[in-house]
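Asks: Structure provided below as structure tokens; questions to follow.
The values are calculated or read from the model by the stated rules, or taken from the named source; none is laboratory data. No experiment lies behind these values; they were computed from the predicted model shown. Glycine gets a Cβ as well: all are built from the backbone with ideal geometry, and neighbour counts include every protein chain shown.
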Amino acid sequence: MGKFLSYTFGAIVGGIVGGTVVLLTTPKKGEEIRNDLKEKAVSIQQPLKEAANNLNQVKDRVIALKDESVPVLRSAITDIGNLLQDWKEDVQPYLTKIKNNVVQLEAAKDKLANKLTEHSPEKKQGEEETPPSL
């Protein structure tokens, strides 16, 4: 923020110094310069008033949009929450079945592994298992 303030201060001081130099070196009389400045100030006032009016209109539109959108967003969030809750309730029985099936499969796998180890011939030391031939 320090750089911004320094830049702003420099711009203001430069503007003042430049304006003073222009006023001192201008060929017009002081009264003519004052009249020119007044005319320019008057001509600038109207666009500034229009810009301020436009900003107020934009501000009012943003406030109206906010006021309209907040209830809609709250309703949408509530609807999404209800949909998620319904989905969880619909899916829960299937998840329970899947978990039970996984437990049964693991039990069957363990039972099969035990049967295989019981019926497999024991290897002698140094004896390698040969793969089945094609």
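Asks: Name the single residue, out of those in the stretch 1-54 being of a type outside the set (A, V, I, L, M, F, W, C) and not in a helix (DSSP H, G or I), that is modelled with the lowest pLDDT.
Replies: LYS28
Asks: Scan ALA76, ALA64, ALA41 and give me the residue that is of a type in the set (A, V, I, L, M, F, W, C) and closer than 30 Å to THR20 by Cβ.
Replies: Of ALA76, ALA64, ALA41, the one residue that is of a type in the set (A, V, I, L, M, F, W, C) and closer than 30 Å to THR20 by Cβ is ALA41.
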